[in-house]
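Here the structure is laid out as structure tokens; the discussion comes afterwards.
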Amino acid sequence: MSTANPLLWRKPPLIWSYGAAVLLVAVALIVSRWPMLHLQTAPVSLFVCAVMVSAWLGGVGPGLLATSLSSLAFDYYFLEPLYSFVLRPEEIPRAAIFALATLVVALLSAAQRGHRIAQAVARHPEGNSARASESQRGVASRER
């Protein structure tokens, strides 16, 4: 195993990637609701970070899961009426823009991860060919 290049390390099981997405969104929600931090009016950045890290670590699937969970949490805890999944008509654009922004972040982060893996494989073809093909298969299977 190549310890010099973390992009060529063995991929963790898929459940870990999805679990990390759920955990990152949960942490973002807990921190954004923490009364001492006063983030109730601007929680978007924490959710965007959770989506970005989830997609970078796990690819498209975990990124989309983080996007969905973040959108649901944003709707439930931060849009009027609070603690309800029903949206008032004037809150629909805010919810749609949030969902679209996190979707774009997830797709860009996953694409960036795939591009970095491809670059690492191209730079280190000797000695890493087995590990590189395994990493590429992992990325390809997650993008389906």
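So, in the stretch 83-106, of the ones that are in contact with a helix residue (DSSP H, G or I) (Cβ under 8 Å, 6 or more places away or on another chain) and outside any helix (DSSP H, G or I), which residue ends up farthest from Tyr18 (Cα to Cα)?
Step by step, filter the stretch 83-106, then rank; the result is Leu87.
Here are Ser135, Ser109: which of them is small (Gly, Ala, Ser), closer than 23 Å to Ser54 by Cβ, modelled with pLDDT under 65 and in contact with a helix residue (DSSP H, G or I) (Cβ under 8 Å, 6 or more places away or on another chain)?
Ser135
Taking the stretch 36-81 on its own, how many of its residues are crowded, with 22+ Cβ neighbours inside 10 Å and of a type in the set (S, T, N, Q)?
So the count comes out to 3.
The values are calculated or read from the model by the stated rules, or taken from the named source; none is laboratory data. Here the structure is a predicted model, which means the values were calculated and not measured. Counting neighbours? That spans all protein chains shown, and the Cβs are built from the backbone with ideal geometry, glycine included.
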